[in-house]
Amino acid sequence: MVPLIAGLALLWLIGRGVPWNAKLMTIVVTLAIIILVVALERGGYWPEALRRR
């Protein structure tokens, strides 16, 4: 779900003519959030109700 939303956000930014540095920062922040969520889930810190089975 997160990669889909990130991809749609990037398409929206590209369509609006946003500068490359803003696009780069968006990619970096999105990847950081994805990595954080995966690390929390694998480390056992993610709430049980939100885990995928």
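Coordinate-derived values only; no laboratory data. Fair warning: this is a prediction, and the values are worked out from it, not measured in the lab. Cβ sites come from the backbone with ideal geometry, for glycine too, and all protein chains shown count toward neighbours.
Here are the numbers for the structure shown:
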item	result
When residues of the stretch 14-47 are limited to those that are exposed (fewer than 12 other Cβ atoms within 10 Å of the Cβ) and among the basic types (Lys, Arg), the one farthest from residue 3 (Cα to Cα)	16
Every pair of residues 6+ apart whose Cβ atoms lie under 6 Å, when the first sits in the stretch 28-53 and is free of Cβ contacts under 8 Å to residues at least 24 places away in the same chain while the second is assigned to a helix (DSSP H, G or I) and surrounded by 12 or more Cβ atoms within 10 Å (Cβ to Cβ)	46/40
